[in-house]
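What follows is calculated from the coordinates using simple rules that are stated; it is not laboratory data. Computed from a predicted model, the values in this text were never measured in an experiment. Backbone-built Cβ (ideal geometry, glycine too); neighbour counts: all protein chains shown.
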């Protein structure tokens, strides 16, 4: 648990990120601009992790390790749209396959909570992420310093506090900036939300209007 001083520092960081994000987004961003800003959010979190590693933090995470890919992933609306746009750019056969996977996943996780969700991510195949370059921010900040607790499904993991705090500031600050621009930006179960966008051609327009249902 963070001390009151650390909580104050986190709030300051969130405010700083929010101001920077608002300066980029403006008041009426276009759909491409709003979705495109996700790249900057992701790059900022990747940099946080890279700096921690360069300073000596040893992460237990490795390619092919997918324990964290079986817990609930919460994605912001712009992240969901970015992933959906990627899928819509695939050949029809591949899009159909992903849609089927997402439908099965949505049915399996319906009614689950953060603690009861124990389903493999629909974008996980052969223990590897199929959308790794555009994976959500929460996946980028997620890490462990010891693989054993992950394998055992522990409720808490040994993590680098700086990575978590700085990444959370980026996510919260960016979400606040989106909301200040009139765009909903809350956490949604990744697979179900992407499926909802794929099935609703009006979703981008609804999001820009401040009202989109991602379930």
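Hey, any idea what the orientation-averaged projected area of the convex hull of the stretch 168-215's Cα atoms comes to, in nm²? Working shown, then result.
Numbers: hull surface 13.3 nm².
Convex hull of Cα atoms, orientation-averaged projection: 3.3 nm².
Once the principal axes of the Cα atoms of the stretch 113-152 are found, what is the range along each, listed largest first in whole angstroms?
So the extents along the principal axes, rounded to whole Å, are 26, 24, 21.
Tell me the mean residue ellipticity at 222 nm calculated for the chain from its helices only (DSSP H runs of n ≥ 4, each -39500 (n - 2.57), averaged over every residue, nearest 500).
It lands at -17500 deg cm²/dmol.
Relative contact order for the chain using alpha-carbon pairs under 8 Å, separation at least 6, rounded to a whole percent?
Details: 263 pairs, mean separation 79.2, N = 215.
For the chain, the relative contact order is 37 percent.
Given the C-alpha atoms of the chain, compute the convex hull and give its volume per residue in Å³. It would help to have the intermediate numbers written out before the result.
On the way: hull volume 27.6 nm³, N = 215.
Measuring per residue, one finds 129 Å³ for the Cα hull of the chain.
For the stretch 25-132, compute the orientation-averaged projected area of the C-alpha convex hull (one quarter of its surface), in nm².
Working: hull surface 36.5 nm².
The number I arrive at for the stretch 25-132 is 9.1 nm².
Counting only the backbone N, which residues of the stretch 87-120 are under 16 Å from the spot 7 Å out from the Cα of residue 215 toward its beta-carbon?
In the stretch 87-120, the label zone of residue 215 (backbone N under 16 Å from the point 7 Å along Cα→Cβ) covers 105-118.
Full-extension gain between residue 16 and residue 110, please, as 0.36 nm times their residue separation minus the C-alpha to C-alpha distance.
30.2 nm
Is any residue of the stretch 108-150 close enough, with backbone N under 16 Å, to a label point placed 7 angstrom from the Cα of residue 51 along the Cα-Cβ axis, and if so, which?
141
At 7 Å along Cα-to-Cβ for each site, give me the label-to-label distance between residue 205 and residue 95 in nm.
Spacing of the two 7 Å Cα→Cβ label points: 1.8 nm.
Modelling each spin label as a point 7 Å along the Cα-to-Cβ direction, I'd like the residue 161/residue 129 distance in nm, to one decimal.
Here the answer is 2.6 nm between the modelled labels.
Between residue 146 and residue 23, what is the label-to-label distance in nm when each label sits 7 Å out along the Cα-to-Cβ direction?
Placing both labels 7 Å along Cα→Cβ, they lie 4.2 nm apart.
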